[in-house]
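Have a look at the structure below, then the notes.
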Amino acid sequence: MVALAVPAAGAIGAPVAQAAEAAPGVRQDFNGDGYGDILAGDPYEALDGLKQAGTFAVVPGGPDRPTGAGTKVFGQNSATMPGTAEQGDRFGENTALLDSDGDGRAEPVVAAIAENAYAGAVRVLRSGAAGPTADGSFSFGAGALGTAADGARLGDEFPR
């Protein structure tokens, strides 16, 4: 995971793009345009007044490098995102990329490890020509997997 300080949603600028460009190992193509896009979590971002609710950003790549233009920032309160942001969830604490449907577009997999007293939860978004979207995304927690919930920290580590 690469954590970047992400300003308010939609306010991504050159400093974030420059930091994202320097981030190692987080580039994959989300929208099928052939350029490496960047996924960056910020689990300590305050969202709607909730401390450490967390967000993540998808920074589109381009012919030369990512510029920050077209960046999308998602939180648990984003439209059509499963779940609800709560203080201390730390959504974006861990991130991974997975082309789950084999279409050549990587889908973001994002954890909120502190969800529900550190039981943890994972959200899987969909990707299309416009990049990742919460439409059609899904989530699961420790209870859905039949594991002990308290302190499970589901999503704390993803295989690399």
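Under 12 Å from a point 7 Å along the Cα-to-Cβ line of LEU145: which residues of the stretch 91-116 have their amide N that close?
From the stretch 91-116, the list is 111-113.
Pop a pseudo-label 7 angstrom from the Cα along the beta-carbon direction at both ASP99 and TYR35 and give the gap in nm to one decimal.
Label-label distance for ASP99 and TYR35, simple model: 1.9 nm.
Taking Cα centroids, how far is the stretch 130-153 from the stretch 61-119 in Å?
Cα centroid to Cα centroid, the span is 12 Å.
None of the figures in this text is laboratory data; all of them are computed from the coordinates on show. This structure is a prediction, so every number in the text was calculated from the model and none was measured. No Cβ is skipped: glycine too gets one built from the backbone with ideal geometry, and neighbour counts run over all protein chains shown.
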